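Reading through the structure tokens given below for one structure.
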Amino acid sequence: MKSTKTKQPITLLVLRDAQHSVKQIQLSKPLLIAVPTIAILSLSGLIISMQVHSSQVVSKMEQQLQLQTMTNNKMEITVSNREEAISRLQNEIINLSSDAQDMKGKMQRVNDLEKELQKFINNNNTSMSSEKTKTTPTITSDDPNHVGGEFIAVDTNDILDLTRETKDDFEELRKLLDSMEDNIPRMLEKAQETQDMLAGIPNMWPTESHVISSSFGYRKDPFTGVAAYHAGLDISGNTGDPIYAAGAGKVVEAEQGGARGLFIKIEHPEGLKTTYMHLSNINVAVGDSISKGDLIGKMGSTGRSTGAHLHFQVEKMNEVVNPLPYIR
Ligand SMILES: [Zn+2]
């Protein structure tokens, strides 16, 4: 009786409206429990799957947001890098410009020196030009301990101007260097010529003794006692004293010459000649090239002489001149 009661189906009456008839559904007891359970399970599955889906969407959006943020950060970094690079480049340009200015100053100074040297060479003179050289300020690279002034920011146009000016400066430097490259070898050649010429000027005292026993010009002749013209300078000393060439040149005469005794004649540049008379010995021969200060002979008293001395004579364009202004 009890088991029959359990297996007895449950009847559900479905009432819709007045036009429809009443529906009668018979459900067994287990089915009555299973249907809502399945419904709840499938509903909760749906809810879970929706939750999973939405969390996936949210996570995807979060990822995208993160990516976007990263991109933004990257862009910010790029912008800041670019600003840094620009600032660095600007500083480079400023440094470069300062270098160019510094170099230009130095080159200008070298150029001035070159002109001075040119002038010196052109003067063809034994004495240096007495003109005082201008002193130009020396520009050293910035010393952080000795600078100051208010801060004035530079803009892009300033930097562009500076870049252009720096370019012009370097162009100017290049031209200066080019001209120096052309001029310096020519000037060196001229300087060499000048040096040779200077070495050839007979301006060295020809003996060790500096005692003048007879000057250049009119005097009473030591032999006759009458007025006579003395064409050179007599320097007294001892027989055998060394005689030096007063300047570089070429021996044109070296012989026994009557009243001159043993004598040497040297030809120098600028139409100058020197003669060394009354020697006791001759160390050179005609045609020899000699340097200033070379030992050419020995003092003596040969020829028309009263005692050991050197008669030193200077000719300029074949005319005797006072030797003292040359060798003093
Ligand atoms: Zn004399």
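Some notes on this structure:
- Residues in segment 216-234 that are in contact (Cβ under 8 Å) with a residue 24 or more places away in the chain, surrounded by 13 or more Cβ atoms within 10 Å (Cβ to Cβ) and within 21 Å of K316 (Cβ to Cβ): 5 in all.
- Checking G237, G249 one by one, the residue that is in the same structural domain as N281 (by TED's automatic domain parsing) and within 14 Å of the ligand (Cβ to nearest atom) is G237 and no other.
- Among the criteria (1) within 16 Å of the ligand (Cβ to nearest atom); (2) under 16 Å from G200 (Cβ atoms); (3) in contact with a helix residue (DSSP H, G or I) (Cβ under 7 Å, 6 or more places away or on another chain), the one T274 does not fulfil is (3).
- Restricting segment 235-265 to residues that are of a type in the set (D, E, K, R) and within 13 Å of T302 (Cβ to Cβ), the residue that is surrounded by the fewest Cβ atoms within 10 Å (Cβ to Cβ): E255
- For segment 277-301, the tally of residues that are more than 16 Å from the ligand (Cβ to nearest atom) and not basic (K, R) stands at 15.
- Conditions (1) away from the ligand (no atom under 16 Å from the Cβ); (2) under 23 Å from S209 (Cα atoms); (3) surrounded by 21 or more Cβ atoms within 10 Å (Cβ to Cβ); number of the one not met by H268: (2)
- For segment 283-328, residues that are among the aliphatic types (A, V, I, L, M), surrounded by fewer than 19 Cβ atoms within 10 Å (Cβ to Cβ) and assigned to a strand (DSSP E or B) total 3.
- Segment 309-320 - residue that is out of contact with any Phe, Trp or Tyr (no Cβ under 7 Å at 6 or more places or on another chain) and touching a residue at least 60 places away in the same chain (Cβ under 8 Å) and, of those, farthest from the ligand (Cβ to nearest atom): V320
- Filtered residue count, segment 143-170, keeping only those that are exposed (fewer than 10 other Cβ atoms within 10 Å of the Cβ) and either part of a helix (DSSP H, G or I) or in contact with a helix residue (DSSP H, G or I) (Cβ under 9 Å, 6 or more places away or on another chain) (or both): 2
- Any chance S213 is touching an Asp or Glu at 6+ places or on another chain (Cβ under 6 Å), within 16 Å of the ligand (Cβ to nearest atom) and of a type in the set (S, T, N, Q): yes
- Verdict on P206 being within 16 Å of the ligand (Cβ to nearest atom), assigned by TED's automatic domain parsing to the domain that holds G293, in contact (Cβ under 8 Å) with a residue 60 or more places away in the chain and surrounded by 14 or more Cβ atoms within 10 Å (Cβ to Cβ): no
- Failed item, numbered, when T306 is tested on (1) closer than 30 Å to E193 by Cα; (2) within 16 Å of the ligand (Cβ to nearest atom): (1)
The values are calculated or read from the model by the stated rules, or taken from the named source; none is laboratory data. In this text, all values refer to a predicted model and were calculated from it rather than measured experimentally. Neighbour counts run over all protein chains shown; Cβ positions are idealised from the backbone, glycine included.
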